[in-house]
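Undergrad: Dumping the structure here so I can ask a few things about it.
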Amino acid sequence: MTEIIQETPSPQVCAGKIFEISGTQLDPDVAAALWPKILQHKWLMSEKHGRDVGLRTACIDFVEHSERAIKEYADYRRKDVLVEMGAQAFEGKYGIPSPILSRQSS
């Protein structure tokens, strides 16, 4: 049995490909996290339509219909950075941790 293993390109390559295909500029880490999802979306769309829809069509559809998901993912990643910098986190909308900055008293 032959198994095809597809490596995810580097974050910079993913961001470049998504920008080239859809015109949407994403942070490289976000683009790398979304790249496999775009490929899966292409497969699902192709199955639904009974033909290969192409990477451009799938990427544009994914970005246009997943804009909110992309924003929420970027916000979630931003929370990690803020926590590393010493911010406190609390449960926000939809149970997703939201960062708040704590003030140190002098």
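The values are calculated or read from the model by the stated rules, or taken from the named source; none is laboratory data. Note that this is a predicted model, so its numbers are computed, not measured. Ideal geometry is used to build each Cβ from the backbone, glycine not excepted, and the neighbour counts take in all protein chains shown.
Undergrad: Can you name the number of the only condition in (1) loosely packed, with under 15 Cβ neighbours inside 10 Å; (2) under 13 Å from the mean Cα position of the chain (by Cα) that Leu26 fails?
TA: For Leu26, the exception is condition (1).
Undergrad: To continue, here is another question. Kindly list the number of the only condition in (1) over 12 Å from the mean Cα position of the chain (by Cα); (2) modelled with pLDDT under 90 that fails for Ser46.
TA: (2)
Undergrad: Please name all residue pairs, on different chains or six or more residues apart, with Cβ atoms under 7 Å, provided the first residue is in the range 33-53 and is over 30 Å from Tyr76 (Cα atoms) and the second residue is in a helix (DSSP H, G or I) and of a type in the set (Gly, Ala, Ser).
TA: The qualifying pairs are Asp52/Ser46; Val53/Ser46.
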